[in-house]
Each structure stands twice: as structure tokens, then as C-alpha cells.
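J.: Here you go, one structure.
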2 protein chains.
Amino acid sequence: MSGKITLGRYMWERLHQVGVDTIFGVPGDFNLQFLDSIYEVKDLKWIGNQNELNAAYAADGYARIKGVPGVIVTTHGVGELSALNGVAGAMSENVKLIHIVGQTTRAMQEKHMMIHHSIGSKPDHQMYNKAATGLRFAAAELWDVKTAPKEIDRVIKECFLQSGPVNVYLPLDLSAEEVDADLLKTPIDISPKVDTAAEQKAVKAITDALSSAKHPAVLIDALAHRFNATSETRELFKKLNVPFFSTNMSKGLVDETEEMYIGLWNGEVGTPGVKEAGMASDLVLVLGYLPADTNSGGFSRKLDDSKTIYVNPFEVIVKGTSYPNTHLKSVLATLNNSLPQTPTHKASKPQLPAPRVPNDLDAKHITQSWLWPRLMSYIRPGDVLISETGTTSFGLCDNIFPSNVRFQGQNYYGSIGWATPATLGAEVARLEVDQARKEEEKEEQGTGQGRTVLVTGDGSLAMTIQEIGTMIKAGLKIVIFIVNNDGYTVERMIWGAKQAYNDIVPTNYAHLLPLFHHPDPERSFHKAATKEELEKILEKEEVKNPENLQIVELVVPKLDTAWRLGGQLAVRGEAARKYLKEEGFVDALGNWGLDEGGGVGGVKWA
Amino acid sequence: MSGKITLGRYMWERLHQVGVDTIFGVPGDFNLQFLDSIYEVKDLKWIGNQNELNAAYAADGYARIKGVPGVIVTTHGVGELSALNGVAGAMSENVKLIHIVGQTTRAMQEKHMMIHHSIGSKPDHQMYNKAATGLRFAAAELWDVKTAPKEIDRVIKECFLQSGPVNVYLPLDLSAEEVDADLLKTPIDISPKVDTAAEQKAVKAITDALSSAKHPAVLIDALAHRFNATSETRELFKKLNVPFFSTNMSKGLVDETEEMYIGLWNGEVGTPGVKEAGMASDLVLVLGYLPADTNSGGFSRKLDDSKTIYVNPFEVIVKGTSYPNTHLKSVLATLNNSLPQTPTHKASKPQLPAPRVPNDLDAKHITQSWLWPRLMSYIRPGDVLISETGTTSFGLCDNIFPSNVRFQGQNYYGSIGWATPATLGAEVARLEVDQARKEEEKEEQGTGQGRTVLVTGDGSLAMTIQEIGTMIKAGLKIVIFIVNNDGYTVERMIWGAKQAYNDIVPTNYAHLLPLFHHPDPERSFHKAATKEELEKILEKEEVKNPENLQIVELVVPKLDTAWRLGGQLAVRGEAARKYLKEEGFVDALGNWGLDEGGGVGGVKWA
């Protein structure tokens, strides 16, 4: 391409160059003209969402699966503010997101015109931009066509480096001005500038510490995924061959079927022996740590800094000594290079006590203690699995995942409603990623037959339910499990178990598919209240290998929940445990699996 | 009541004292405990919404009909940000709204704990509060129980005085601390402190100007409604007995069946003679002016300041001279008192040319030129009528309203999706207002049989569609007209008439009612594509006097629209008119009713 192109076109071409193949958003009268240019970019697609918050969630899901920015377009004021909570979620969880706002024209702004979507009699059209200041890593406030291309390039780069949201503010008239197409010939350098000396000092400190440890272990966490270091992490495990642990948010990031996978180390809220195995290690290498309450058993995972190495996004800390100015992905790559090709030591693995046995195994109806392992056996390698905040995110963690399951939830930010639109974005990304793999003929085992599976709850689904329409319109073959427990069960567990404010609008999900003109609604909606019913559904060909979007409604008792969620609350103390007991929540493990006396004991090294 | 009550209870009692009978919102773990106190306040109700943006819109609709603040409760971060666009809309349109945010505990905030819904490894829990700074008139950032009651009182007062959003930030632990119940015995003084001298100067300047005018006229606008001056405005018309005009946003505010009502003065985009009649007046008294593009025919209503009096919320301007420090409602009351009880002059009314005749009157299908007058004859005194931004808000304005129709749209802020949840709030408010009137035995004519009617479009409805579930759950007998024109027609008219980004998700509305367990779905859903079909539907008893929520789907051609909307765009210039013509939009009046040569001429004073 040469000659002149519009600035709008330039922006889309740049995004496409860094791997973005789909743009999400909602049209509005200050972005329509530059939406046209999307269609001019080869292989760049537009998916319109039902509202802007949903668009932001969809872009978030896309970014998590593809490792490149999710991109949304909104319009001045009404659109950009509606998306803000979704953008803040990306900030909280270090998800790459680019929010492009179509602004009023520069003349309208300079004259402070009372254009619709504004505030006041002499409106400042940039006030919404100002509101978002703390909720992004960078912003390109475009005004002059001479500097605009560089500004666009700068924030795209920042989005990758910081792994989080950046904003582009594009006045409508400016989007039509022209820039030199030759600018596209120099790719944006999205790789971090590595301070080699700093990195080598850090890596040496890590290898020194590792070599002097007797029982080292690795705790992998979510930020390793966010900073695109999944493959480096996987290589590290192969080379180290030491016990490794996941967190709620890092489940599935490495292969849990590996012999050295111990389990989900979630402080006091875990299966027997996992915490003790972690605590018994004399050195824990922690990758991409994100110790939020919901990702640490309510802050009950106590790490002793004198026995811990943290590889954080921009810093390594070895036994309390900081090595700054590093980059997580680069540190892991260099660390991998410094390790022997195959482990030189014999693997030493702690042996764990037997798992606990739920006391409601005989129930005929669907219990939560039965549901989560059963659902997991439906999941297969290559699947994308999205969990909603609440019961489901805790329940799904309670399983060993098949290899190559791409699992995502929004545990830290925890904005209910996120999961449904995020699943739309995740499925779009999965199709793009898997297609690219096929084309490169380096398909990993199982990924070619992957599906995208959403597990959500009735309360969360209601928030963003219309996005199922976008999925159907796009012909996506997503499988949606809805845990229908008659309201906000997670809230009931915290407070107001029987209060009306925790009730939601009763919903007959059988009408969801025909509402959005699903092509085969009767055969694609399934409902189970008993284990037997669910077993039959999970064996159906259309549920196993869907040709259309499928919904499986799971009717479960209002006061039943994943024990991990009960444990997360019960760990707060006696008052919380008393409340749960008195309100009659199902506690299938007794004391929510929290063993009295602070330990199950008996961790032995093989 | 005496003794001690919790701060949460104090807040609800205070709100109830100023006329709030329903609280909207979404429960979250940082507000649950103080939601309990709602049930302790006699006659205070809770309505949970399907998400927080919808809650904000609902509270906005409630406030517009009741004249007291709409109140929403959200939770830390995820909830408060989701509501933000709805709150900004209230700011833009001067709607009284109180946004109560349940925050993390003070200890969590002081320790910068990584509690879910936060951002970063050492989170500032007040960052969302900071983001909202420009989008509210005041905020009570509660921290100390000693000062908290006064702070709550202060922002409630500010909400009334400024007529716009205020925020209350309430840390969860603080909500449970106790205050003296006796504090409730002193009511909050919500009336403005009037500078009597300033006001009298202003009123004298108005009466002097009026007495020297030959053909004075009144243009009433939306802020007269927002600052609760509707009754003063109505009284003023009776006393002045001069021609009066409305704007899009003030339709229905005074009785349009009065002889002296001339019409909707919308600059160049109007029915023949209305603009000329306005321009021919030698003095225009403008009440509560809000001259946004969408409320002024795209800034084409040219007022000559030397012949104009503006009564603004806090200032009067008489022929260019400012009289500051006044209050709109108080000025009008004082002005009314200074005028003779009955008009001393003979009324003089301009005579207008005949209205234009659409050229598609013979069509069998539903045309927009036929639809809006027909729908208006369905509306009756006492109804609340809510219009969505887009085709409907322009279409509905094109009629003479029955008396006592409470009409609301969000024309300035124009956030599509607003209308559906706003209708929920409006209906809740209507029931409360009408019940109170009955109890006071001073029921106005017709208000006792009022209904709440929503007219929305398919694109807008999708944004917030789940709130219909809340309506059904609450048993509200709302009538919803859905203009189904296959996408964002208002966007198509601006740009990209045939572009895919202006398409939406096809929706079969017949499934909406059963989706939310409507008690009588088959008899309550109606669909019309022809005039004959709609005539039959509008004659059905269940549509005229609904016992349950009713949906009437109106199928209209994609490129047909209200001529006022076409006119609003065509007035921009030749390029816009060419575009509309080339893309094939239906122009039933020819040139969108914009008469060539700048005037139809011939306005005569009777």
C-alpha cells in the first residue's frame, strides 16, 4: 500500500498488524465514518455488541485467549462511560484492551457546543476522557494529524508492555484526514526494552537460590499468562521438574496432568495436604503473583519472603532482595536458557493424604459436590473454559484440568456479568488462534477440536444476557451451562440469605434461543435437575460436538454451593461459620473443608 | 423514634422524609448489610434491577415523574462504575439522583488490601470515587460517624438545589455504627436560600419588559420541569394568557389543548408558521432553557437576545442584562404573585398556515407519517409517556398532547437504552404520586386512570432489554411499543445506511414475555405491520386498560422515519440532504418539511 490513507484506516491497519482480527463495539454518530474503514482492511472483522459494557467484556475475553489487545469502539460520552467498568476490569486483571472513542469534531469541542451526549450549557467534551484517567495505562488524545500516527503507535505499544487498557480519543473530523500509507511499512516494536545487565543479575540470583534449595517448588499465577509468558512457563516446568502449584486464576496455565502437579494452593481453603506441601518447600518460585483475596483463600496463603522468589512483571525479588527493571517474559526465557536442557536432579514429590469425601454423594438431585467433577469430565483438551464470578469460579477450580484447557475467570475484579460477553470474545479469538495454528501446520494435540464452554449463574447471566443474541447471530457454537440456584447465592452466603434483595427475576431459559432466532432452539436447550438427567444431556452428540449454540440449565438448590466458596467465607472466622450454619447452607465436607487445628499433617517427600 | 439507630437506617429515613419511597439498585457484598435497613423504614421499598446501569436509568425515570431524587445503591468499583453513564445522564439533564456506593471497610481501605473489585497490588479503593468527580454536583465521602449524618443531609439538600446527581460513599463497617435517632426530628431544609432583593429586581425587570411588549410569547423548556416549577409555569400561562410554545424536551409540561398553545418551536424543523410566529413576537419569555442541538432543531432556533427574557435556574437575563442569584421556581412564584389574578389584556394569537400533508397517506403498511398521530390518539390524560432517543423521540413530538400527559425523553444526553429502565422507574413513581393524590382527595382530572407507556426502538431496547423482567416481576402494567425497523435507523440516516455495523441482532419479541414468566404472555403480545392490524390492536381492552404488561411490536420499513428526525439532519446542509435522498430514505413531506427560501410567511396576529 502507498499513497494516502485516512487516519481511521491507519489505526485499523496498525491494529491488524499486531494481531487484532476482530473489532468489537457499538456504532454511534461520532464513530460511524471511521467504522467504514474497518471493512477496507483485509481480514479485519467487525462484531457489533448489544451494548458497550458487553463490548468491553467481549474484548477482554478476546485478549485473554489471543494474547493481543481486545479492541472496542464507542461513541462520545454515552458509549465511553457505559464501557468504563469493563475497561476497569481489564486494568485490574492486566488484560490488553484498546478503547477507541469516537469524539465530537474539534470545532464542536473548541466552541463548547451543546451537542447531544454532553453535559452543561458550555460543555467540556473531554470530561469523560478525564473521568477515565485512572483507569488506563496510557491515552492518545488525538488532535493533530501530524502527530496522530505516532500517538496511535505509542499506545498500542504501551498496551502490550503494560498489559492493560489504553484509550484512543479520535475526533470524528480528524479520522477522515489523511496520512502517508508508507508509515505502515515500519512495524510497531511491541517488545520491551530489556536492561540486559539487570536481567542477568536477577536470573543469576534465581539460579543460585534454586541450586541451594533441597525441595524447591513453583507457584504459578495469573500474571504469567497476562504478560504472554505461558510458553516460557511451560518450558520452565519441563526443565525444573519440581512440584508445581496453581492458584484459582492460573488454573490450566500449565499441564495439570503432569506428574509433578500437586494442586491448587489456596491457603487454608484447599484439598488435604496441598497447603502443607507448599509450606514444606524450602524455596518457592512464584511467577506472576496476583494475591487478591479471591485468589489466595482470603489472604490465607502465607508465603515466607525469606524462602520465596517472586518473578513479577517488572521486578524479581529473591528472598527479599529486589532486582528491578526486568520483564517477566524475558526473565523466564533467559532463565530457561541458563538451565540444563533436561533436569539433572531426581524429582522429589510430596505425597498427599487422601482427598475428603462429600457426605451428600447419594443425592439424586444435582449437588455442587457432584456437579463440578462431573462437568470437568465433559471438558476436553483444546477447550476454552470461561467461568463467571461466584459459585462457578470456585466450583470449577476444584478439579484437575485436562491438558491444553484455556481457562479464564475474572476473580480479582469480579464484575458479575463479565463472563457471558467475555465468552463471545473468547470464542472469536479461539477460532482465530486455532485457524492460524492449522495454517501453520503446527497444531498442538487436541486444540483443533476445541470448543468454548461458559459456566455461569442465573444472577450473573441476567446482567448481560442479550449478548447471547450476538453469539447466535454470529453462528458461534458455544456451550453455555447456567447454574440456576434461584438468585444471588454468593451474596446469600455473605449476608441476607433469605432477604428479598438477593432474589432475581425468574427466567424461563427455554425462551432465550428462540428470542434471538436460534436456528434449532428445541434441540439446543437442555434442562437438568437430577444427576441422571444431566448424564443423559452430557452424552448427547449436539452437546458434545455442537453444531449450534447450546444451553444447559442446571437446577440446583438455592443454599448449595461449591465448598471452596463456603471455605473462602468460613475462613474469615467464627461469625461467618456460624452464619452459614444457621442459615442452612449445604456443607457437604463439614466445616467447609477447613480442617481444625491448622493442618492435616503427614506430607512426605517421595 | 428515639434512641440509637444505625447510620444506614438514618440514611434511608432521611431519604424517605424528603419523599423517596423506592430504592433501586443491585446488591453487592459491600452494601448488603445496610440494604437490610431499607425494610425497617415504614413504606420504603426496594426494587432490585438486573444491572447497575439499568438501576441508574430507573432512578432517573422515577425522579422525573416524582420530582424527588431517584436513589440507587451499588457496590464498590464494579457496581458504581457500571452505573456511571446513567448518573452522567442525570447530570446532563438535571435529574435529581442520589448514588449510594457501598464501599469496602475503612480498615481494608487504609491497608490498601487487594480486595476483589480493586485495581493493582496496593489498591486505592477511592479511585472510582475520583473517576466520578466531574459527574456529580456533590459527594458525601463518609468516614466518621460523628460528621456522617450532616454530610448525608448536605448532599440530599444539594441534590434538590442543583437538581442533579450527588454521591454518597458509605464504607460497609461505618454503615453499622450508630447515631442518635433524634437527629431525624429536624427535617432537612431542601428549599433554596432566596436572595429577596436580587429576586425582586429580576421580577421587576421581567414585568417592566412584559408591560411594554405588544406581542409577548412564552417558550417553555425542560429545566422548568427539572427545577420542580411545573405548577408555577402552569399558573403563569393562565395569568399571562399569551401565545406559548414548547420544545422537544418540554412537550406536555403545560396543557397543549389550551387555545393559546401555538406549537413546538424547533427552529427550522417545525410545522408551518410556528417558527415565524415565535420570531414575530416582540418579546419571548424563555423558561428553563436547554438549547442542545437535539432540542433546538440543530441550533436553528435563533433567539434575539434584545427581545428575550431568560429565566434560568440561577439567573434571570432580561434583554441582555443579567440578574444573578435567583432561583427559577421562586422567581416564577413571585412573578405570578405580581401579576393580576386574571389577564388584563385581550389575548392575541397568531394564525398559522395549514399543516403539511404527507404524500404516503394511502399506504397500507405502517408509515411513520401515520404512526405518530395515531399513537397519540391512544394516549389519554394522566398517562406517563416515555420516549427513547432516536426515531421515537422525534416522532412523538409531532402531536398535540392531551392535557396532563407526563412526557419524558432523554434528548440532550441521548443515551440509547435509557428509556426501558426509565419507564420502570417512571411507573413506580406514577403509582406513588397518583396514590398520594387519591389519599389527599385532590385528584386532578384523569390522573387516576393514567397508564405508563413506553415507545422505544429495536436497537435501543436491546441495550437494556432485561429490565422488562423487573417490570414483570413487579407486576407493573406498562404498555411497550417497539418500533422494529431492523437496526439503528437513526444511525443509518447519519452514515452507513446499508453498512452491516448498523444492523442489530434479529429478535423475536414474542418470546420476551414468557422468558420472564409473564402470567398471560399470549394475550399480552401484539404485532402489527399494517395500519389495519394496529387499529385492531389499539382497540383491544387489554391494550387500552392493561391488567398486565403489554408489548406491541410495530414493524416499519428500515428507511422510514419521523420527518422531524430527517429534518433535524437535513437542516445541516446540502450534503446531508443529498445523502438522505441517495440512500432512499422515505421523505413523506418532501425536503423533510424544510421549506425553501426560509419561511412560509403569512403569520397574522388575530
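J.: Say whether the condition of being more than 30 Å from the chain's Cα centre (by Cα), surrounded by fewer than 16 Cβ atoms within 10 Å (Cβ to Cβ) and closer than 25 Å to residue A:326 by Cα is met by at least one residue in the stretch A:182-194.
T.: No, every residue in the stretch A:182-194 fails to be more than 30 Å from the chain's Cα centre (by Cα), surrounded by fewer than 16 Cβ atoms within 10 Å (Cβ to Cβ) and closer than 25 Å to residue A:326 by Cα.
J.: In addition: Step by step: first the residues of the stretch B:211-237, then only those that are in contact (Cβ under 8 Å) with a residue 40 or more places away in the chain and of a type in the set (Lys, Arg), then the one that is nearest to residue B:341 (Cα to Cα). Which residue is that?
T.: B:214
J.: When you check residue A:252 against the structure, is it within 14 Å of chain B (Cβ to nearest Cβ), under 20 Å from residue A:224 (Cβ atoms) and part of a loop (DSSP other than H, G, I, E, B), yes or no?
T.: No.
J.: Same structure again: Of the residues in the stretch A:239-257, how many are surrounded by fewer than 23 Cβ atoms within 10 Å (Cβ to Cβ) and either without any contact (Cβ under 8 Å) to a residue 40 or more places away in the chain or not assigned by TED's automatic domain parsing to the domain that holds residue A:303 (or both)?
T.: 0
J.: Moving on to the next point. Kindly indicate which of A:322, A:348, A:306 is in a strand (DSSP E or B), surrounded by fewer than 18 Cβ atoms within 10 Å (Cβ to Cβ) and either more than 14 Å from chain B (Cβ to nearest Cβ) or hydroxyl-bearing (Ser, Thr, Tyr) (or both).
T.: Of the residues listed, the single one that is in a strand (DSSP E or B), surrounded by fewer than 18 Cβ atoms within 10 Å (Cβ to Cβ) and either more than 14 Å from chain B (Cβ to nearest Cβ) or hydroxyl-bearing (Ser, Thr, Tyr) (or both) is A:322.
J.: While we're looking at this one, here's another question. Please find, among A:213, A:280, A:222, A:209, the residue that is under 21 Å from residue A:317 (Cα atoms), buried (at least 24 other Cβ atoms within 10 Å of the Cβ) and of a type in the set (Gly, Ala, Ser).
T.: Among A:213, A:280, A:222, A:209, only A:222 is under 21 Å from residue A:317 (Cα atoms), buried (at least 24 other Cβ atoms within 10 Å of the Cβ) and of a type in the set (Gly, Ala, Ser).
J.: For residue A:213, state whether it is aliphatic (A, V, I, L, M), in contact with a Leu (Cβ under 9 Å, 6 or more places away or on another chain) and not in a loop (DSSP other than H, G, I, E, B).
T.: No.
J.: With the checklist (1) surrounded by fewer than 18 Cβ atoms within 10 Å (Cβ to Cβ); (2) on the phi > 0 side of the Ramachandran plot; (3) of a type outside the set (Asp, Glu); (4) at the interface with chain B (Cβ under 8 Å from one of its Cβ atoms) in hand, flag the one item residue A:134 doesn't pass.
T.: Residue A:134 satisfies all of (1) surrounded by fewer than 18 Cβ atoms within 10 Å (Cβ to Cβ); (2) on the phi > 0 side of the Ramachandran plot; (3) of a type outside the set (Asp, Glu); (4) at the interface with chain B (Cβ under 8 Å from one of its Cβ atoms) except (2).
J.: Given the residues B:66, B:96, B:45, which is the only one that is under 25 Å from residue B:435 (Cα atoms), of a type outside the set (Phe, Trp, Tyr) and over 18 Å from the mean Cα position of the chain (by Cα)?
T.: B:45
J.: May I pose another question? Answer yes or no: is there a residue in the stretch B:173-191 that is in contact with a strand residue (DSSP E or B) (Cβ under 7 Å, 6 or more places away or on another chain), over 18 Å from residue B:14 (Cβ atoms) and not acidic (Asp, Glu).
T.: There is no residue in the stretch B:173-191 that is in contact with a strand residue (DSSP E or B) (Cβ under 7 Å, 6 or more places away or on another chain), over 18 Å from residue B:14 (Cβ atoms) and not acidic (Asp, Glu).
J.: Quick test for you: out of A:53, A:15, pick the one residue that is in a helix (DSSP H, G or I), touching a helix residue (DSSP H, G or I) at 6+ places or on another chain (Cβ under 9 Å) and within 11 Å of chain B (Cβ to nearest Cβ).
T.: None of the other options fit; the residue is A:53.
J.: Residue check, residue B:312 against (1) modelled with pLDDT under 95; (2) more than 17 Å from residue B:568 (Cβ to Cβ), all met but one. Which one?
T.: Exception for residue B:312: condition (1).
J.: Check B:561, B:507, B:530 and return the single one that is touching a residue at least 12 places away in the same chain (Cβ under 8 Å), surrounded by fewer than 17 Cβ atoms within 10 Å (Cβ to Cβ) and among the β-branched types (Val, Ile, Thr).
T.: Only one candidate qualifies: B:530.
J.: Let me ask something else about it. Of the conditions (1) among the hydroxyl-bearing types (Ser, Thr, Tyr); (2) crowded, with 24+ Cβ neighbours inside 10 Å; (3) more than 10 Å from chain A (Cβ to nearest Cβ), residue B:105 fails just one. Which one is it?
T.: Of (1) among the hydroxyl-bearing types (Ser, Thr, Tyr); (2) crowded, with 24+ Cβ neighbours inside 10 Å; (3) more than 10 Å from chain A (Cβ to nearest Cβ), only one is false for residue B:105: (2).
J.: Turning to a different aspect of this structure: Among the residues of the stretch B:174-207, which ones are within 30 Å of residue B:34 (Cβ to Cβ) and assigned to a helix (DSSP H, G or I)?
T.: Those that are within 30 Å of residue B:34 (Cβ to Cβ) and assigned to a helix (DSSP H, G or I): B:174, B:175, B:181, B:182, B:183, B:184, B:185.
J.: Follow-up question, since we're still on this one. Of all residues in the stretch A:21-50 being outside any helix (DSSP H, G or I) and of a type in the set (Phe, Trp, Tyr), which is nearest to the other protein chains (Cβ to nearest Cβ)?
T.: A:46
J.: Let me ask something else about it. Would it be correct to say that residue B:84 is in contact with a helix residue (DSSP H, G or I) (Cβ under 8 Å, 6 or more places away or on another chain), crowded, with 24+ Cβ neighbours inside 10 Å and free of Cβ contacts under 8 Å to residues at least 60 places away in the same chain?
T.: Yes, satisfied.
J.: In addition: What residue, among those in the stretch B:321-351 that are at pLDDT 90 or above and of a type in the set (A, V, I, L, M), is farthest from residue B:227 (Cα to Cα)?
T.: Going through the qualifying residues, I end up with B:339.
J.: Looking at B:471, B:463, B:376, can you tell me which residue is aliphatic (A, V, I, L, M) and either more than 14 Å from chain A (Cβ to nearest Cβ) or surrounded by fewer than 24 Cβ atoms within 10 Å (Cβ to Cβ) (or both)?
T.: B:376
J.: crowded, with 19+ Cβ neighbours inside 10 Å and in a loop (DSSP other than H, G, I, E, B): is that true of residue B:415 in this structure?
T.: Spelling it out, residue B:415 is indeed crowded, with 19+ Cβ neighbours inside 10 Å and in a loop (DSSP other than H, G, I, E, B).
J.: Continuing with this model, one more query. Which one of these does residue A:500 not meet: (1) facing another protein chain (nearest Cβ under 8 Å); (2) under 16 Å from the mean Cα position of the chain (by Cα); (3) among the small types (Gly, Ala, Ser)?
T.: The failed condition is (2).
J.: Let me ask you something else. Does residue A:530 satisfy being within 30 Å of residue A:381 (Cβ to Cβ) and either under 28 Å from the mean Cα position of the chain (by Cα) or more than 14 Å from every other protein chain (Cβ to nearest Cβ) (or both)?
T.: So residue A:530 passes the test.
J.: Quick check on the stretch B:64-79. Is at least one of its residues of a type outside the set (Asp, Glu), more than 14 Å from chain A (Cβ to nearest Cβ), over 25 Å from residue A:51 (Cβ atoms) and surrounded by fewer than 21 Cβ atoms within 10 Å (Cβ to Cβ)?
T.: Checking the stretch B:64-79: at least one residue is of a type outside the set (Asp, Glu), more than 14 Å from chain A (Cβ to nearest Cβ), over 25 Å from residue A:51 (Cβ atoms) and surrounded by fewer than 21 Cβ atoms within 10 Å (Cβ to Cβ).
J.: Then there's this: Tell me which residues, restricted to the stretch B:96-154, are closer than 21 Å to residue B:164 by Cα, assigned to a loop (DSSP other than H, G, I, E, B) and not small (Gly, Ala, Ser).
T.: Correct list: B:96, B:136, B:137, B:142.
J.: What tally of residues in the stretch B:474-491 results from selecting those that are within 9 Å of chain A (Cβ to nearest Cβ) and part of a helix (DSSP H, G or I)?
T.: Selection size over the stretch B:474-491: 2.
J.: Filter the stretch A:510-525 for residues that are within 7 Å of chain B (Cβ to nearest Cβ) and in contact (Cβ under 8 Å) with a residue 12 or more places away in the chain; which is surrounded by the fewest Cβ atoms within 10 Å (Cβ to Cβ)?
T.: Ranking the qualifying residues of the stretch A:510-525, first place goes to A:517.
J.: Mind listing whichever residues of the stretch A:379-394 are surrounded by 20 or more Cβ atoms within 10 Å (Cβ to Cβ), over 21 Å from residue A:560 (Cβ atoms) and not hydrophobic (A, V, I, L, M, F, W, C)?
T.: Result: A:382, A:383.
J.: Out of the residues in the stretch B:59-90 that are part of a helix (DSSP H, G or I) and of a type in the set (Ser, Thr, Tyr), state the one that is nearest to residue B:165 (Cα to Cα).
T.: Restricting to residues being part of a helix (DSSP H, G or I) and of a type in the set (Ser, Thr, Tyr), the top hit is B:62.
The values are calculated or read from the model by the stated rules, or taken from the named source; none is laboratory data. Note that the structure is a prediction, hence the values are computed from the model and not measured. Here Cβ is always computed from backbone atoms with ideal geometry, including for glycine, and neighbour counts include all displayed protein chains.
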